[in-house]
Amino acid sequence: MPGTLQAQTYQLRRSEIETYFDRTAAATWARLTSDAPVSGIRAKVRAGRDAMRATLLSLLPDDLTGARLLDAGCGTGALALEAARRGADVVAVDLSPTLVDLARARAAHDPVSVRVDFRSGDMLDEAYGTFDFMVAMDSLIHYQRHDVVASLGRIAPRVRQSMIFTFAPGTPLLITARMIGRWFPRSDRSPAIEPQPERKLHAELMRHPEIAGFSLGRTQRISHSFYISQALELSR
Ligand SMILES: C[S@@+](CC[C@H](N)C(=O)[O-])C[C@H]1O[C@@H](n2cnc3c(N)ncnc32)[C@H](O)[C@@H]1O
């Protein structure tokens with residue numbers, strides 16, 4: 001992490017995210033990512049997330065045979081399994097041991113799961129090795145911009161082809177939702193989503209020395225009622 005202050009904001013937010021996904025919201029998250037019926041807003045969020053997962057997968061080659069892929073913040077593992085189905089050897093990492101256990105259990109009867117190494121830990125850990133591709137679906141949306149950029153900068157030297165991640169675009173709806181979120185008691189709240197004005201994000205990414213070897217690639221926004229997220233590809 002380049003500066004001490006940034007390391008502190010990263011560590012603090014990471015610990016809030018871990019508590020939220022591993023305990024507060026683990027059951028909700030398990031249901032949302034299952035086939036079990038959900039109603040109203042959650043059904044729309046599920047549809048939006050399905051569309052985003054399909055978008056991210058469309059930014060990867062159809063044939064991933066022999067490629068190593070990092071699923072950074074894998075949650076319950078849906079994207080990791082799809083990448084493995086295309087032939088990738090996947091390291092799927094998440095801060096939440098509860099979600100990683102669930103991901104393993106869900107994958108257990110899928111023959112492609114032999115190509116997925118599920119781990120609980122920090123996506124930035126260098127011990128996971130080098131990769132051809134890195135995908136982070138909605139796992140960086142809770143971090144401040146300097147921490148998003150610093151995190152990608154930490155992973156970048158170990159990625160040979162592309163890094164594909166999502167961010168929350170700085171739309172008025174998201175900014176309002178963030179403000180409303182602040183009215184709820186702390187204990188019920190998810191860590192705030194940090195909307196990122198696109199131009200500022202692009203500029204900071206391109207200024208980072210480890211990301212300079214990548215160029216800004218394809219981008220696509222998914223806007224499904226309450227689910228708003230944008231994919232961005234950085235490719236060498
Ligand atoms: C919104 S969920 C998305 C999960 C999954 N990518 C999906 O789309 O289903 C964000 C996930 O990122 C994980 N996460 C956030 N920061 C992380 C970090 N530094 N290292 C590993 N996982 C992280 C959280 O624990 C959480 O499970």
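For region 47-85, which positions are part of a loop (DSSP other than H, G, I, E, B) and within 14 Å of the chain's Cα centre (by Cα)?
Result: Gly73, Cys74, Gly75, Thr76, Gly77.
Are any of the residues in region 166-178 assigned to a helix (DSSP H, G or I), buried (at least 20 other Cβ atoms within 10 Å of the Cβ) and at pLDDT 95 or above?
Checking region 166-178: not a single residue is assigned to a helix (DSSP H, G or I), buried (at least 20 other Cβ atoms within 10 Å of the Cβ) and at pLDDT 95 or above.
Within region 104-135, can you find the residues that are within 7 Å of the ligand (Cβ to nearest atom) and touching a residue at least 40 places away in the same chain (Cβ under 8 Å)?
Across region 104-135, the qualifying residues are Asp122, Met123.
Would you check if there is a residue in region 19-29 being among the hydroxyl-bearing types (Ser, Thr, Tyr) and in a loop (DSSP other than H, G, I, E, B)? Lay out the reasoning, then the answer.
Of region 19-29, the ones among the hydroxyl-bearing types (Ser, Thr, Tyr) are 19-20, 24, 28.
When the remaining residues are screened for being in a loop (DSSP other than H, G, I, E, B), the result is none.
For region 19-29, residues among the hydroxyl-bearing types (Ser, Thr, Tyr) and in a loop (DSSP other than H, G, I, E, B): absent.
Give just the number: which of (1) surrounded by fewer than 20 Cβ atoms within 10 Å (Cβ to Cβ); (2) farther than 22 Å from Asp125 by Cα; (3) among the basic types (Lys, Arg) does Arg49 not satisfy?
Looking at each condition in turn, Arg49 falls short on (1).
Would you confirm, using the coordinates I've provided, whether Glu18 is over 29 Å from Gly217 (Cβ atoms), touching a Leu at 6+ places or on another chain (Cβ under 8 Å) and crowded, with 16+ Cβ neighbours inside 10 Å? Step through it out loud before you land on a result.
Numbers: over 29 Å from Gly217 (Cβ atoms): yes; touching a Leu at 6+ places or on another chain (Cβ under 8 Å): yes; crowded, with 16+ Cβ neighbours inside 10 Å: yes.
Yes, satisfied.
Is there any pair with a first residue in region 58-69 that is charged (D, E, K, R) and a second that is modelled with pLDDT of 95 or more and part of a loop (DSSP other than H, G, I, E, B) whose Cβ atoms are under 8 Å apart and which are 6 or more apart or on different chains, and what are they?
Every condition considered, the pairs that remain are Asp62/Arg86; Asp63/Arg86; Asp63/Gly87; Arg68/Ala88; Arg68/Gly129; Arg68/Thr130.
Is it the case that Ala7 is modelled with pLDDT under 95 and surrounded by fewer than 18 Cβ atoms within 10 Å (Cβ to Cβ)? Step through it out loud before you land on a result.
Working: modelled with pLDDT under 95: yes; surrounded by fewer than 18 Cβ atoms within 10 Å (Cβ to Cβ): yes.
Against the criterion (modelled with pLDDT under 95 and surrounded by fewer than 18 Cβ atoms within 10 Å (Cβ to Cβ)), Ala7 qualifies.
Among the listed residues Ala27, Ala92, Ala54, Ala80, identify the single one that is within 13 Å of the ligand (Cβ to nearest atom), of a type in the set (A, V, I, L, M, F, W, C) and surrounded by fewer than 16 Cβ atoms within 10 Å (Cβ to Cβ). Give the steps one after another, and end with the answer.
Details: Ala27 fails: within 13 Å of the ligand (Cβ to nearest atom); Ala92 fails: surrounded by fewer than 16 Cβ atoms within 10 Å (Cβ to Cβ); Ala80 fails: surrounded by fewer than 16 Cβ atoms within 10 Å (Cβ to Cβ).
Ala54 is the lone residue from the list that is within 13 Å of the ligand (Cβ to nearest atom), of a type in the set (A, V, I, L, M, F, W, C) and surrounded by fewer than 16 Cβ atoms within 10 Å (Cβ to Cβ).
The values are calculated or read from the model by the stated rules, or taken from the named source; none is laboratory data. Just so we're clear, the structure is a prediction, and the values are computed from it rather than from any experiment. Don't worry about glycine lacking a Cβ; one is built from the backbone with ideal geometry, like all the others, and counts go over all protein chains shown.
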